[in-house]
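Asker: Dropping the structure in here first, questions after.
Values in this text are rule-based calculations from the coordinates and carry no lab data. This is a predicted model, so every value here is computed, not measured. For neighbour counting, all protein chains shown are included, and Cβ atoms are generated from backbone atoms with ideal geometry for every residue, glycine included.
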Amino acid sequence: MARFEVTMSSGDKLLIEHDIASIEEMRLVLEKTDFLATREVRLGAPGTLPDVVLSTRHMMLLRPLAEGATQGSSFRPKR
């Protein structure tokens, strides 16, 4: 499973895990769908949390994380 950091249009950041192995594959999926079902990773929580569904049109930024990463960046996009 690959981990990604997603920045939503609201400015919220999520760390997610998905079966897709690469950022290139993820981008292809996002071009073809309105929603993405994935698992959220949270600091201090064992493993991953239950599935979450993200609206792809509200995703502003997607970046890959290192395997097993539990922390994203501090970057905040300008609104």
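Asker: For ARG39, what charge total do you get from the other residues with a beta carbon under 13 Å from its beta carbon, if Lys and Arg give +1 and Asp and Glu give -1? Before the final figure, lay out each step's value.
Answerer: Working: positive: ARG3, ARG42; negative: GLU17, ASP19, GLU40, ASP51.
Once all neighbours under 13 Å are counted, the net charge is -2.
Asker: Using 0.36 nm per residue, how much length does the chain from ARG57 to GLU24 gain when fully extended, once their Cα-Cα distance is taken away? All intermediate terms of the calculation are to be shown ahead of the outcome.
Answerer: Working: separation 33, 0.36 × 33 = 11.88 nm, distance 1.76 nm.
Roughly 10.1 nm would be gained on extension.
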